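Structure, as structure tokens:
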Amino acid sequence: MGFKVAVVGATGNVGREMLDILAERAFPADDVIALASRKSMGVEVSFGDKILKCKSLDQYDFSDVDICLMSAGGSVSKQWSPKIAAAGAVVIDNSSAWRYDADVPLIVPEVNADALAGFRKKGIIANPNCSTAQLVVALKPLHDRAKITRVVVATYQSVSGAGHDAMDELFAQTRAVYVTDPVEPKKFPKRIAFNVIPHIDVFMEDGYTKEEWKMMAETKKILDPAIKLTATCVRVPVFIGHSEAVNIEFENPITPDEAREILARAPGCLVIDKREPGGYVTPYECAGEDATYISRIREDATVENGLVLWCVSDNLRKGAALNAVQIAEVLVNRKLVSAKQKAA
Ligand SMILES: NC(=O)c1ccc[n+]([C@@H]2O[C@H](COP(=O)([O-])OP(=O)(O)OC[C@H]3O[C@@H](n4cnc5c(N)ncnc54)[C@H](OP(=O)(O)O)[C@@H]3O)[C@@H](O)[C@H]2O)c1
């Protein structure tokens, strides 16, 4: 008997991608349910070669659902995830609502799949922020080899990371610039078309933004609490694909050649690093792909044991939907979840 899987936020950027990935990877589901807000009842979404009609989250009975993939934002998750878990479904959540809860595992399967064991306390598993997911996939194999002590990262994050309204805003503003219409920022605090904005999520008291704080806190929780990390997170006018320039300091020596070899063998990583024009990956090329691409690996000679690299991934896939489906696959493969008896 296969699993019954509910996708909450099925009309959104991440939810649509979740449905695609469940179908692409032939997840062992007998039944997939698309859920969104009341306003989307009856809206059609694709699932492989099928069309699903969205149902309303607040009218849905989860009692025979086995796995619920949530991507409807933090406040919806805070309200609904505990209720869905209490009905007996394992919730894999994409929002930041549960990531820092000590009773909720925060998982990137290539990095800390074993931490999944703790999910039964609340029945909820958290997915990291998109910029953290790709970063820890690249850092983990290097940490295992030479022990990372400090990371300095600057991100170049695409607008799809802020939802489908944000993608519409980049499109509308770009068009407005060409036809000399007024450019109106709505979702972003400043114009995003032909611009970059050094501000993602809210400002914290110390001057960092919440997005920057998330990268620090999540890297510690997923990879190693001893790693010091400082980030500058920047929104750029790219539709899909987050990029990161990463300076890494190690306790032990490691050369760029060793790092290249280690990363080339690491799960989830693909190294494309030719020291010539075009010999690196850009976000345009990673859209629709599963890997975390690593390029521009070189020595940072300003510190004792330092490397610099460029890391790019599809934020809707590894940064969200793919990671969530991979977590569900680990639950199934390790028999941490079983299919409930369904009503006839
Ligand atoms: N985009 C990324 O790269 C990324 C990466 C990691 C994590 N995340 C997280 O994933 C979540 C979704 O992001 P997104 O980019 O897919 O956003 P989005 O495109 O704006 O989609 C939001 C989804 O949530 C649904 N929703 C909103 N309010 C709801 C309610 N009261 N009840 C049921 N459904 C409701 C929407 O349904 P309606 O269409 O009916 O309103 C829509 O399906 C967010 O928590 C985000 O932080 C996103």
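Hand me the GluC sites (Glu not before Pro) from region 189-219 located in a DSSP loop with no more than 12 other Cβ atoms within 10 Å, in residue order please. Kindly include the intermediate steps, with their values, before the conclusion.
Values: sites: Glu205, Glu211, Glu212, Glu218; in loops: Glu205.
Hits after loop and neighbour filter: Glu205.
For the pair Phe239 and Lys210, what calculated FRET efficiency results from E = 1/(1 + (r/R0)^6), where r is the Cβ-Cβ distance and R0 = 25 Å, to the nearest 0.05? It comes out at approximately 0.65. Per-residue ellipticity at 222 nm, computed for the chain from helices alone with -39500 (n - 2.57) per DSSP H run of at least four residues, works out to -9000 deg cm²/dmol. Look at the alpha carbon pairs under 8 Å that are at least 6 residues apart: their mean separation over the length of the chain gives a relative contact order of 18 percent.
Look at Trp213, Trp310 and count the other Cβ atoms within 10 Å of each Cβ; fewest to most, that gives Trp213, Trp310.
Quick one: dipole size for region 170-321, taken about the Cα centre, charges +1 on Lys/Arg Cβ and -1 on Asp/Glu Cβ, in debye to the nearest 20. Can you show the working numbers first?
Numbers: 19 positive and 24 negative charges, 135 e Å.
Roughly 640 debye for region 170-321.
Cut-off is 10 Å between beta-carbons; in what order do Arg150, Arg235, Arg275 appear when sorted fewest neighbours first? Mind dumping the intermediate values first?
Working: Arg150 16, Arg235 26, Arg275 10.
So the residues, fewest neighbours to most, are Arg275, Arg150, Arg235.
A Gaussian network model of the chain, with springs between Cα atoms under 10 Å, assigns the largest mean-square fluctuation among Ala115, Ala26, Ala166 to Ala26.
Placing pseudo-labels 7 Å out from each Cα toward the beta carbon at Lys342 and Arg260 gives an inter-label distance of 5.1 nm.
What whole number of Å gives the distance from the Cα centroid of region 56-125 to the Cα centroid of region 1-51? One Cα centre to the other: 16 Å. Structure remark: mean-square fluctuation, Gaussian network model of the chain, C-alpha springs under 10 Å; the largest value among Met167, Met204, Met70 belongs to Met204.
Applied to region 48-59, the Karplus parametrisation 6.51 cos²θ - 1.76 cosθ + 1.60 on θ = phi - 60° returns per-residue 3J(HN,Hα) values of x, 8, 9, 10, 10, 9, 5, 10, 8, 4, 6, 10 Hz, with x for Gly and Pro.
When N is the residue count of the chain, what does its C-alpha Rg come to as a fraction of 2.2 N^0.38 Å? All intermediate terms of the calculation are to be shown ahead of the outcome.
Numbers: Rg = 20.2 Å, N = 344, 2.2 N^0.38 = 20.2 Å.
Its radius of gyration relative to the 2.2 N^0.38 Å reference: 1.00.
Taking 0.36 nm per residue of separation and subtracting the Cα-Cα distance, full extension of the segment from Lys39 to Lys228 would add 63.7 nm.
Between the beta carbons of Ser56 and Ala172, assuming R0 = 25 Å, the FRET efficiency works out to 0.30 to the nearest 0.05.
With both labels modelled 7 Å from their Cα along Cα-to-Cβ, the Asp31 to Ser63 distance reads 1.2 nm. For region 255-344, dividing the convex hull volume of the Cα atoms by the residue count gives 138 Å³ per residue.
With 30 Å as the limit, the listed pairs Lys39/Lys342; Lys121/Lys318; Lys214/Lys340 have Lys214/Lys340 beyond it between alpha carbons.
Assuming R0 = 30 Å, what is the FRET efficiency of Asp49 and Glu329, from their Cβ-Cβ distance, to the nearest 0.05?
Numbers: r = 21 Å, r/R0 = 0.71.
Taking R0 as 30 Å, the efficiency between Asp49 and Glu329 is 0.90.
Taken as Cα centroids, region 305-320 and region 151-197 sit 21 Å apart, rounded to the nearest whole angstrom. Volume of the convex hull of region 1-157 (Cα atoms only), normalised per residue: 139 Å³. Think of the chain as having a plus end and a minus end, set by charges on the Cβ of Lys, Arg, Asp and Glu; of Pro256, Gln79, Ala26, Gln79 sits farthest toward the positive end of this dipole.
Only the Cβ atoms of Lys and Arg (+1) and of Asp and Glu (-1) were treated as charged; on that basis the dipole of region 20-147 about its Cα centre amounts to roughly 460 debye.
Rank these for me by crowding, Ser77, Ser56, going from fewest to most other beta carbons within 10 Å.
Working: Ser77 24, Ser56 14.
Taking fewest neighbouring Cβ atoms as first place, the list is Ser56, Ser77.
Within the listed set Gly161, Gly123, Gly319, the residue fluctuating most in the Gaussian network model of the chain (springs between alpha-carbon atoms under 10 angstrom) is Gly123.
Normalised by the number of residues in region 227-298, what is the relative contact order in percent for Cα pairs under 8 Å and 6+ residues apart? Could the numbers behind the result be given before it?
Numbers: 61 pairs, mean separation 23.7, N = 72.
RCO, region 227-298: 33 percent.
Taken together, the values in this text are just the output of simple stated rules run on the coordinates, not laboratory data. From a predicted model like this one, the values you see are computed outputs, not experimental measurements. Backbone-built Cβ (ideal geometry, glycine too); neighbour counts: all protein chains shown.
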